[in-house]
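The next block holds one structure in the form of structure tokens; read it before the comments.
Just so it is clear, none of the values below were taken in a lab; they were calculated from the coordinates. It should be emphasised that the depicted structure is a prediction, and the values quoted were computed from it without experimental measurement. We place every Cβ from the backbone using ideal geometry, glycine too, and count neighbours over all the protein chains shown.
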Amino acid sequence: MSELDKTVEQRRAEILLAEQAMLSLPQIDLDPVHYFAKGLVARELFMPKGSAVFGHIHVDEHIVVIPYGDVTVTTDDGTCRYVGPCTFVGKPGSKRALFMHEDTLWIAINPSDAKTREEAEAKVVVKTREQFLAIQEERKCLIS
């Protein structure tokens, strides 16, 4: 099956399977730096050449800035290669699998009133699709 023929559900399943397989390999410690401004939180992450990284699921639409680097990104929409400097809009609800062709600096700028790293991580990202869908359903109920 070609990449174009895959469904969103198939891509999601493949990303989760790849993440599970990679967890058995040696891990690197990546520690994002957080920046806070009125209504915004930025998460900055340096990822070394040759690393594979699986991201959390972002709750909201957000801006991604890659000041430098070369990274292939796979999401449920497909695969794209980004060479910095570049900027794009990240889709909410999408889990990313990344492979760094070069050292890469990744900055995700999210809408949030968080004031601490812990608060930002609790409000900006979730670990599972089910958590994301529950938040979306809760937001629908609050609007109605």
Can you tell me the dipole magnitude for the chain around its Cα centre, using point charges on the Cβ only (Lys, Arg +1; Asp, Glu -1), in Debye to the nearest 20? 200 debye
Just need the relative contact order of segment 5-54 here, percent rounded to a whole number, with Cα pairs under 8 Å and 6+ apart. 24 percent
Which cross-chain or sequence-distant (5 or more) residues have an amide H under 5 Å from the amide H of Ser94, H modelled 1.01 Å from N in plane? His58
List every DSSP H helix in the chain whose Cα atoms extend 20 Å or more along the helix's own long axis and whose mean Kyte-Doolittle hydropathy is at least -1.0. 8-22, 129-143
Within the chain, what is the number of lysine pairs with alpha carbons under 20 Å apart, leaving out pairs fewer than eight places apart on the same chain? 11
Can you tell which of Leu23, Gly50, Thr128 lies farthest toward the positive end of the dipole of segment 3-143, using +1 and -1 charges on the Cβ of basic and acidic side chains (Lys, Arg; Asp, Glu)? Thr128
Summed residue charge, Cβ within 15 Å of Tyr82's Cβ, Lys/Arg positive, Asp/Glu negative: 0
Net +/- balance of residues flanking Val33 in space, Cβ distance below 13 Å, scoring K and R +1, D and E -1: -1
How big is the chain on each of its three principal axes, counting only the C-alpha atoms and giving the largest first in Å? 41, 33, 29
Can you give the relative contact order of the chain as a percent, counting alpha carbon pairs under 8 Å and 6+ residues apart? 28 percent
Least to most buried among Phe36, Phe88, by other C-beta atoms within 10 Å and fewest first, runs Phe88, Phe36
